[in-house]
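Have a look at the structure below before the remarks.
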Amino acid sequence: MNNPFQNAMAQLDKVAKIKDFGVEFISRLRQPDRDVRISIPVKMDDGSLKIFEGYRVEYNNALGPYKGGIRYHHDTEINEVKALAFWMSIKCAVAGIPMGGGKGGITVNPEDLSKSELERLSRGWVQKLADILGPHKDVPAPDVNTTPEIMAWMADEYAKITGDKTGATFTGKPLEVGGSAGRGPATGLGGFYVFDALRKELGLPEKCRVVIQGFGNVGFNAAEIFTKNGHSVIAISDSKGGVYNANGLDIVKLAEYKKTSSTLTGFENSKNITNEELLETECDVLIPAAFENVITDGNAGKVSAKAVLELANGPLTPEADEILFKKSIPVIPDVLANSGGVTVSYFEWDQNLKGEKWAEKEVNEKLKPMMEDASRKILAKAKESNTDLRRGAFILALERIQLKTK
Ligand code: NAD
């Protein structure tokens, strides 16, 4: 299987075939502006020293400071981070925010570390990278396995090193240290606004049966928001497996159940299913909200959803994309579907720089029209070029980036 960066470049190539952006511009986008690998020495609780590998990829800043999360995962490696940084460049352009694309990470399973080891590791990442970060240079945020608490440690470390008083270098911080109201559910909520704006156009019913892979920040919030808006989540999973109920799952109860039993399986009134079965479940909307490369040429033929809403980054391989396209299953691409998260991160940065604090209602009221506008524009681009929504999104993003590229 291709690595995620090869997938990302395959997407870029496909777009370059349907719209001529010129060879020079496309070749600039085939490389990040800078990719940095660091080693982070951490004193462990038992007194030993362990060295971790960390990354920051600054992909493109034509539209504004590099922006993108930091991922902690044992499989994280440079090609994954480069792909995610490329997608951030596209995503920020799609969302219409004045930010470029970046991404960071550390190869680590955070569950193997104590809280104090995790804090030293997170502060160590900032110590090595402080020179290239900054509110007007590069603004990181959380991603898989990084939390508001980790952002608070990082923001504090950055302030200690540089004396920065804006707090705008890291977003996704807890509310009490300059975080934005509404950042937690923003990705799921933005995904819902996008889905709602496109639902009729995609021929989906008013009340959809929804299947979600992932029960973390994005999957859980999406499940709650879709349920609150009258849709029913009939299957959902985490890394240990999933549960199914044709009449809809009670998401609030399921979250409580997971807290006490640390798994979803065995939940009342539901059937246990594997992650493979979940992806093949018959439904109106399938929402991958866990990891990349989960729908491939191996299982795309078995997807029996009427549409796919990509809340995870890169959940479909390019081959899977083609298979679903041929099966006339529309895919609402990650760069649009999950751009609510970075949009509210941008709101946080903006509030920090202006010394303001917006209420959650205000945040959501600003988010909704932006998501709707991006959805409409992408649909129009896709129709204009007689292509799918992913290519429509890339065309819109590349046009915006090219306009600002010197
Ligand atoms: P998270 O760490 O909070 O949750 C990840 C979830 O995926 C967990 O429930 C985990 O159990 C599950 N999972 C892990 N491996 C799995 C597997 N093999 N099969 C099924 N489930 C599995 O992460 P998150 O913040 O919810 O991010 C999820 C995805 O959304 C990622 O692709 C991330 O890049 C993307 N994303 C997140 C945000 C954000 O605001 N958090 C924004 C944009 C995109």
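The values are calculated or read from the model by the stated rules, or taken from the named source; none is laboratory data. As the structure is a computational prediction, the values presented were derived from the model and not from experiment. Cβ placement follows ideal geometry from the backbone for every residue including glycine, while neighbour counts extend to all protein chains displayed. Accessible surface is based on the protein model in full, side chains and every heavy atom, while ligands, DNA and RNA are left aside. Shrake-Rupley method; radii C 1.70, N 1.55, O 1.52, S 1.80 Å.
A few points about this structure:
- In the range 179-306, the inverse of the mean reciprocal separation of distinct Cα atoms equals 14.8 Å; this is its Kirkwood hydrodynamic radius.
- The average projected area of the range 14-168, computed from the convex hull of its Cα atoms over all directions, is 9.6 nm².
- Amide proton proximity set for Phe52, modelled H, under 5 Å, gap of 5+: Ile40, Val42
- Distance from the alpha carbon centroid of the range 163-192 to that of the range 207-263 works out to 24 angstrom.
- Long pairs among Lys354/Lys404; Lys173/Lys406; Lys43/Lys357; Lys82/Lys137, criterion Cα-Cα beyond 27 Å: Lys173/Lys406; Lys43/Lys357
- Of all the options Thr265, Thr162, Thr281, the one that moves most in a Gaussian network model of the chain with Cα springs shorter than 10 angstrom is Thr162.
- The HN-Hα couplings worked out from phi for the range 338-351 by the Karplus form 6.51 cos²θ - 1.76 cosθ + 1.60 (θ = phi - 60°) are 9, 7, x, x, 6, 5, 6, 4, 4, 4, 4, 4, 5, 4 Hz, whole numbers, x standing for Gly and Pro.
- Under 5 Å between amide hydrogens, built in the peptide plane, is the criterion, and for Ile212 it picks out Ala235, Ile236, Ser237, Ile287 among residues at least 5 positions away or on other chains.
- Selected from Arg391, Arg28, Arg37 as most flexible by GNM, with the chain as the system and alpha-carbon contacts under 10 Å: Arg28
- Computed from phi, the 3J(HN,Hα) profile of the range 363-371 under the Karplus parametrisation 6.51, -1.76, 1.60 (θ = phi - 60°) reads 4, 5, 5, 7, 5, 4, x, 5, 5 Hz, with x in place of Gly and Pro.
- Alpha-carbon Debye profile of the range 110-193, log10 I(q)/I(0) at 0.18 Å⁻¹: -0.77
- Structure remark: mean-square fluctuation, Gaussian network model of the chain, C-alpha springs under 10 Å; the largest value among Gly104, Gly298, Gly47 belongs to Gly47.
- Net lengthening on full extension, Ile161/Leu49 (0.36 nm per residue, minus Cα-Cα): 38.0 nm
- Sum of side-chain charges, Leu204 neighbourhood, beta-carbon under 13 Å (Lys, Arg +1; Asp, Glu -1): +1
- ³J(HN,Hα) computed for each position of the range 372-388 - Karplus, 6.51 cos²θ - 1.76 cosθ + 1.60, integer Hz, glycine/proline x: 5, 5, 4, 4, 5, 5, 5, 4, 4, 5, 5, 5, 4, 9, 6, 9, 8
- Considering the chain at the alpha-carbon level, its Rg and Dmax are found to be 20.2, 62 Å.
- Here is the list for the range 305-377: GluC sites (Glu not before Pro) lying in DSSP coil, each with at most 12 other C-beta atoms within 10 angstrom of its C-beta, are Glu356.
- If you take all other residues with their beta carbon under 15 Å from the beta carbon of Asp75, and give Lys and Arg +1 and Asp and Glu -1, the sum is -4.
- Inter-site label distance for Lys259 and Leu175 at 7 Å from Cα along Cβ, in nm: 1.7 nm
- Hydrodynamic radius of the range 158-206 per Kirkwood, over alpha carbon pairs, in Å: 13.6 Å
- Whole-number accessible area per residue in Å² for the range 200-304, which is evaluated in the context of all protein chains at 1.4 Å: 45 Å²
- All other residues whose Cβ lies under 12 angstrom from that of Tyr66 are scored, Lys and Arg at +1 and Asp and Glu at -1, for a net of +1.
- Remark on the range 185-227: ratio of C-alpha radius of gyration to 2.2 N^0.38 Å is 1.13.
- Given Lys19/Lys383; Lys17/Lys302; Lys67/Lys103, the pairs whose alpha carbons are separated by over 18 Å: Lys17/Lys302
- Residue ranges 376-387, 180-191 sort as 180-191, 376-387 when ordered by packing (mean number of other C-beta atoms within 10 Å per residue, highest first).
- Relative contact order (%) - the range 322-396, alpha-carbon pairs under 8 angstrom, separation at least six: 37 percent
- Candidates per GluC sites (Glu not before Pro) in the range 199-258, loop by DSSP, up to 15 other Cβ within 10 Å: Glu201, Glu206
- Taking the helices alone, the chain has a mean residue ellipticity at 222 nm of -14000 deg cm²/dmol, built from -39,500 (n - 2.57) per DSSP H run of at least 4 residues and averaged over all its residues.
- In range of the label at Glu372: residues from the range 180-205 whose backbone nitrogen is under 12 Å from the point 7 Å along Cα→Cβ: 193-194, 196-198
- The label point for Asn109 and the one for Lys326, both projected 7 Å from the Cα toward the Cβ, are 3.8 nm apart.
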